[in-house]
1. Among Tyr141, Tyr64, which is the only one that is of a type outside the set (S, T, N, Q) and in contact with a Phe, Trp or Tyr (Cβ under 7 Å, 6 or more places away or on another chain)?
2. Taking Leu29 as the residue in question, decide whether it is under 20 Å from Asp100 (Cβ atoms) and surrounded by 14 or more Cβ atoms within 10 Å (Cβ to Cβ).
3. Filter segment 1-60 down to residues that are more than 15 Å from the chain's Cα centre (by Cα), within 21 Å of Leu132 (Cα to Cα), among the charged types (D, E, K, R) and assigned to a loop (DSSP other than H, G, I, E, B), then give me how many there are.
4. For residues that are free of Cβ contacts under 8 Å to residues at least 12 places away in the same chain and under 19 Å from the mean Cα position of the chain (by Cα), scanning just segment 72-88, find the one that is surrounded by the fewest Cβ atoms within 10 Å (Cβ to Cβ).
5. Answer yes if at least one residue in segment 47-55 is more than 17 Å from Ile107 (Cβ to Cβ), modelled with pLDDT under 90 and out of contact with any Leu (no Cβ under 6 Å at 6 or more places or on another chain), and no otherwise.
6. Within segment 118-129, does at least one residue satisfy the condition of being outside any helix (DSSP H, G or I), among the hydroxyl-bearing types (Ser, Thr, Tyr) and in contact (Cβ under 8 Å) with a residue 24 or more places away in the chain?
7. Against the condition without any contact (Cβ under 8 Å) to a residue 40 or more places away in the chain, touching a strand residue (DSSP E or B) at 6+ places or on another chain (Cβ under 6 Å) and either surrounded by 12 or more Cβ atoms within 10 Å (Cβ to Cβ) or in a helix (DSSP H, G or I) (or both), how does Met114 come out, does it pass?
8. Would you mind telling me which numbered condition in (1) farther than 22 Å from Glu110 by Cα; (2) open to solvent by 40 Å² or more (accessible area, probe 1.4 Å); (3) of a type outside the set (Val, Ile, Thr); (4) without any contact (Cβ under 8 Å) to a residue 24 or more places away in the chain Tyr66 fails?
Amino acid sequence: MLVNPPRGWCYTSRDLPADLRINPLARSLSSHWLRPFIDFGTWNDRLVWYTFLREPISRVLSHYQYHVEHMGVTKSLRAWLTEDRTQQNWQTQFMAGSSDLDAAIQIMSERYAMVGITERFDESLVMLRKALSVRGMSLWYGKPHNPALSSERR
């Protein structure tokens, strides 16, 4: 089930029961808004976390390109990075809720069943299938969801 927070930038422990009332048969959640540093209370033991990390420079360039193409950003890459601190250490912030690398590493080691690497996606999918113990899990996928719209910007 794809979930989104009704408010803010984080899916919270209040959001989960509401979504499960709407879809009581859900067995999997996915979202850019799920954060492993959130305390989901009694649900913590039932949640199995996994993620795919991306090489940092490629991730930043892609994120910037997305903001230019879809969110109307007109700043240079340098200005965007220096003026908007939320863009810095994004993967670390995603994991820990802050730029604290040690906290992110601790959360990954304690909560995650699997951490894959986007640049080794096929191998990471095999690792995911094994980590989740899902027999018959299809590893087929289509083209990337967020391809560059302009080869010039790429």
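The values are calculated or read from the model by the stated rules, or taken from the named source; none is laboratory data. Predicted model only: the values in this text are computed from it and were never measured. Because the Cβ atoms are built from the backbone with ideal geometry, glycine has one as well, and the counts that use them run over all protein chains shown. Remember, those area values only see protein heavy atoms, side chains included, never the ligands or the DNA or RNA. Shrake-Rupley method; radii C 1.70, N 1.55, O 1.52, S 1.80 Å.
1. On the way: Tyr141 fails: in contact with a Phe, Trp or Tyr (Cβ under 7 Å, 6 or more places away or on another chain).
Going through Tyr141, Tyr64 in turn, the sole match is Tyr64.
2. no
3. Residues in segment 1-60 being more than 15 Å from the chain's Cα centre (by Cα), within 21 Å of Leu132 (Cα to Cα), among the charged types (D, E, K, R) and assigned to a loop (DSSP other than H, G, I, E, B): 1 in total.
4. As a first pass, look at segment 72-88 and keep what is free of Cβ contacts under 8 Å to residues at least 12 places away in the same chain: 72-76, 78-79, 82-86, 88.
Then drop every residue that is not under 19 Å from the mean Cα position of the chain (by Cα), which leaves 85-86, 88.
Working: Arg85: 10, Thr86: 8, Gln88: 12.
Looking at the filtered set, the residue picked out is Thr86.
5. No, that holds for no residue.
6. As a first pass, look at segment 118-129 and keep what is outside any helix (DSSP H, G or I): none.
No, because not a single residue in segment 118-129 is outside any helix (DSSP H, G or I), among the hydroxyl-bearing types (Ser, Thr, Tyr) and in contact (Cβ under 8 Å) with a residue 24 or more places away in the chain.
7. It is false that Met114 is without any contact (Cβ under 8 Å) to a residue 40 or more places away in the chain, touching a strand residue (DSSP E or B) at 6+ places or on another chain (Cβ under 6 Å) and either surrounded by 12 or more Cβ atoms within 10 Å (Cβ to Cβ) or in a helix (DSSP H, G or I) (or both).
8. Unmet for Tyr66, out of (1) farther than 22 Å from Glu110 by Cα; (2) open to solvent by 40 Å² or more (accessible area, probe 1.4 Å); (3) of a type outside the set (Val, Ile, Thr); (4) without any contact (Cβ under 8 Å) to a residue 24 or more places away in the chain: (4).
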